[in-house]
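The structure under discussion appears below in the form of structure tokens.
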Amino acid sequence: MQWLRILWQAVFGMDVLHACLALGPLAVYLLLIGMVNLSRRPFLVSGPRDAAALGLALSGFVIVGPIQLCLPDAAAVRFGPYVWVLLIVLYGLCLVLALLLVRPRLIVYNTSAVQIRAVLADLVGQLDANASWAGDVLVLPGLGVQLHLDHLAVMRNVSLTSVGREQDPSGWHRLESALATALSRVPIGRNARGTVLVAAGLLIILGLGYAVACDPQAVAQALFDMLRL
């Protein structure tokens, strides 16, 4: 199957092992996002969790890219394959640090800005009697929350992004809990674009599985070389 390996490297610019490491997490992420968009209910997730999922989806590219390129030879000689554990932990810590610095945000998948505004209109009176709208900006002074509605019409996603530096984390938590309860009672049609994401994820997984099955010895050898065993 030498021809398959040559064709794979010509198309993707990497061997099968590196393609699995890079594209595998991304394929799982596409499947999950696709299934969320095919649901008949809106799906609410906080900004840090959404960013963490994206960070995990891109972790394979980080491993075969910057981490492998910057792999210190001295550390590889001293720690052997365990150096990869240390580097992956380092990436995880950097990801956690980035999540701690993310501004408060809520993302609602499989919905529209009109529907979210209608749900918020029913909620704000219960959460804060002094709430006010200014265009797409909602101010909840009693909760210490100021947010802006961003709508991605192509994927039917709405982001509630914080505006300004004075934000109360507990207020955002109350808003998230109330919004999640309200959205659980809102029926909605499936997003047909979710089928594209699911199909893309499945095609990537099937392609990777077929490539590994065609030449498992080459994949095993590439793994040994990568771990320097």
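Computed quantities for the displayed model
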{"item": "Cα-based helix-to-principal-axis angle, 193-214 vs the chain, degrees rounded to 10", "result": "20"}
{"item": "Contact order normalised by residue count of the chain, Cα under 8 Å, 6+ apart, percent", "result": "32"}
{"item": "Degrees separating the helix 216-227 axis from the principal Cα axis of the chain, which is the longest one", "result": "80"}
{"item": "Semi-axis lengths, Å, the range 104-187, gyration tensor of Cα atoms, sqrt of 5 times eigenvalues", "result": "19, 14, 12"}
{"item": "Length added when fully stretched, Leu69-Ala53, from 0.36 nm per residue minus Cα-Cα", "result": "3.4 nm"}
{"item": "Per residue convex hull volume, Cα atoms of the range 142-229, in Å³", "result": "206"}
{"item": "Which labelled figure in [x] 17.5; [y] 19.1; [z] 20.4 is Kirkwood radius over Cα pairs in Å, once derived from the coordinates", "result": "[z]"}
{"item": "Net charge of neighbours whose Cβ lies under 14 Å from the Cβ of Asp122, counting Lys and Arg as +1 and Asp and Glu as -1", "result": "+1"}
{"item": "Helical mean residue ellipticity (222 nm; -39500 (n - 2.57) per DSSP H run of 4+; nearest 500) of the chain", "result": "-19500 deg cm²/dmol"}
{"item": "Among 157-168, 93-104, 15-26, 212-223, the order from most to least packed when residues are scored by Cβ within 10 Å on average", "result": "15-26, 157-168, 212-223, 93-104"}
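Every number in this text was worked out from the coordinates using simple rules, so none of it is lab data. Please read all numbers here as calculations on a predicted model, not as lab measurements. Glycine gets a Cβ as well: all are built from the backbone with ideal geometry, and neighbour counts include every protein chain shown.
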